[in-house]
Amino acid sequence: MNNILLMLLSMDKLFLRLVSFFYPVLAKTGVDTDQLNEILRVKLLMDNRRPKAMFAARKNAKNNGQQSPWLTSFFTLLMGFLIGLVLTLDGMPYVGETYYFIIFMMLMAITLISDFTTVLIDTRDQFILLPRPVNDRTIAVSRILHISIYVLRLALLQGLPALIIVGFVDGIMAVPVFFIQILEATFLSIFMVNIIYLLLMKSVSPQRFKDIISYFQIGFSVLIFATYYLLPRLINVSVLGNVNLLSHWWAYCLPPVWIAALNELLIHSSRSGMITSVLAIIGLTLPVAGLWFVAKVLAPGFNRRLSIIATSDGNTNTSTQIKKVGKFSLIEKISNLIAPDPVENAGFRITWKLAARTREFKMKVYPSFAYVPIYFIFIALNGKGDISERLDKLQNGHNYVLLIYLSTFILSSILMNISMSEKYKSAWVYYAMPIDEPGKILSGMYKAIVTLYFLPYCLVLSIIIIAMWGPQAINDLILAFLVSLVYGMLMALFMVKGLPFSKPVIAKQAGGKMITSLMILALIASLGFGHYYLMRWEMVVWIAIIPFLFINWIMFRYYKRQTWDNIELSEI
């Protein structure tokens, strides 16, 4: 334990010395470099005092499901090795390194957006720093450099296999140059992401800023998911080695090309020209210029904006929350039509409004809407032949029904998160009201989930399917939708034991619930395969719709009669 702590402290000193090269530039922008160095030193010291050893990870694994840091390091090295194989795709190191740094910088940007956004806009240390004479520039730059040190640790670990590969591909002299290139790529990724963040903080409201960041995170997670599943199906990776990216003029506007130009200039100077030299210089100077731009232009007023963000927990301005008399309300019309019972109506409205406003819920649920078509394309295009042949086979078959059944993934994702909230203590209102039949709140919740999310999504998919496969798919779509609702009702009965947004967020599912979930999934999968077998008889599919309508009605009536004994109550 002591040896690990000493190693981390020595690494921190090395990283502090590394970022100190920027201090002369920062001092000219108004940053107090002495205060900056002390803030960074204390932040790193506090980080190292948190338990990170293998034994601490094992101790906490049962409670929070965290992985060992050694296991995380192993997977980081493995990912670095797989990415490093791109360096061997092309005979020219310039092209191979360009591909490598495109992937490398994307991963760094995703890491920043997903893991370090909260560090940049963290307001907890404001209680210590605000009363002290520390200016905005110093605090803003300390945040960015603190993030930079952590990302540098990840970047160097991930880049280690590539350093070894480039030594074999391009010679031993290319290794120190490649190390500098990794630093360039890391700092460029950090400053580009943070410049965007700080520009947004200046131009939009705090609440809007938080929403934009959330949608950025959702978009990037979907992009990575789609790239992992679809790229090998849509593109022959071996062809990339024959594609000359640098033959296009727009390629020289990409930062990875500037970074790769340094290798071409220093190691292969005989074939480098004036453009290569200019690009290499741009790649070296841009991180310094980006840090100057942040400190000089974007950092002023950083403390004030952090204070506004800290106090902006509401979702909208209070002036916009005042309800106008006689104003048409879509939620009221739909809720009164679908849930006429007063208690059920209240459950419907609470679920609808909180689901649309809760950022944590949207972060967990919204990506699943994009995962479904990605899964479908991945499964449908899994076969021999080129893309056109696989698409023709898809359109001539009956695999479209799989798209609706895959949508149960959305229903499952919503139901598993609908009862959880970080602000679950506000749910005391459920228990304070004289409600004898909480099942009505649950039935209103389920109706809201289907009305707000599942039904519109299935309607959009159905329109696309009918346009591509014709009206003969209508009966299959109806039956698949009803079977999916049976799945949703089983999940609600056996897995959802809490009222809307009334339970604390749990990191890991209990083993018994996981087994129940798998059994429900197996049942619906068997029904789905049975449906696929019956698709050859159109009239049989139409007839099968009737019993599933009746099954849904029976299950919903039973769900509506849930009592307080069936609901897991949380300590408020």
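The values are calculated or read from the model by the stated rules, or taken from the named source; none is laboratory data. Fair warning: this is a prediction, and the values are worked out from it, not measured in the lab. Glycine gets a Cβ as well: all are built from the backbone with ideal geometry, and neighbour counts include every protein chain shown. The accessibility values were calculated without ligands, DNA or RNA, using every heavy atom of the protein model including side chains. Shrake-Rupley method; radii C 1.70, N 1.55, O 1.52, S 1.80 Å.
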Out of all the residues in the range 453-468, is one or more of a type in the set (Gly, Ala, Ser) and either out of contact with any helix residue (DSSP H, G or I) (no Cβ under 9 Å at 6 or more places or on another chain) or crowded, with 21+ Cβ neighbours inside 10 Å (or both)? yes
Qualifying positions in the range 549-570 - modelled with pLDDT of 85 or more and open to solvent by 70 Å² or more (accessible area, probe 1.4 Å): 549, 550, 553, 554, 557, 558
What number goes with the only condition from (1) open to solvent by less than 10 Å² (accessible area, probe 1.4 Å); (2) modelled with pLDDT under 80; (3) within 24 Å of residue 38 (Cα to Cα) that residue 186 does not pass? (2)
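Confirm whether residue 543 is over 15 Å from residue 412 (Cβ atoms), surrounded by fewer than 16 Cβ atoms within 10 Å (Cβ to Cβ) and at pLDDT 80 or above.
On the way: over 15 Å from residue 412 (Cβ atoms): yes; surrounded by fewer than 16 Cβ atoms within 10 Å (Cβ to Cβ): yes; at pLDDT 80 or above: yes.
The answer is yes for residue 543.
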Answer residue from the range 21-41, given it is assigned to a helix (DSSP H, G or I), modelled with pLDDT of 80 or more and open to solvent by less than 40 Å² (accessible area, probe 1.4 Å) and is nearest to residue 150 (Cα to Cα) among those: 40
Could you list, in sequence order, all residues of the range 410-447 that are assigned to a loop (DSSP other than H, G, I, E, B), in contact (Cβ under 8 Å) with a residue 60 or more places away in the chain and within 17 Å of residue 566 (Cα to Cα)? 418, 419, 435, 437, 438
May I ask you to list pairs of residues, at least six apart or on different chains, whose Cβ atoms are under 6 Å apart, with the first in the range 460-482 being modelled with pLDDT of 85 or more and the second being buried (at least 20 other Cβ atoms within 10 Å of the Cβ) and of a type in the set (S, T, N, Q)? 477/462
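Taking the options 300, 255, name whichever one is surrounded by 14 or more Cβ atoms within 10 Å (Cβ to Cβ), in contact with a helix residue (DSSP H, G or I) (Cβ under 6 Å, 6 or more places away or on another chain) and modelled with pLDDT of 70 or more. Steps first, please.
Working: 300 fails: modelled with pLDDT of 70 or more.
Only one candidate passes the filter, namely 255.
Suppose we filter the range 107-129 for residues that are at pLDDT 70 or above and either surrounded by fewer than 18 Cβ atoms within 10 Å (Cβ to Cβ) or aliphatic (A, V, I, L, M) (or both); how many remain? Steps first, answer last, please.
Keep residues of the range 107-129 that are at pLDDT 70 or above, which gives 107-113, 128-129.
In the following step, the residues that additionally are either surrounded by fewer than 18 Cβ atoms within 10 Å (Cβ to Cβ) or aliphatic (A, V, I, L, M) (or both) were identified as 107-110, 112-113, 128-129.
The number of residues fulfilling the criteria is 8.
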Looking only at the range 362-376, count how many residues are in contact (Cβ under 8 Å) with a residue 60 or more places away in the chain and of a type in the set (D, E, K, R). 1
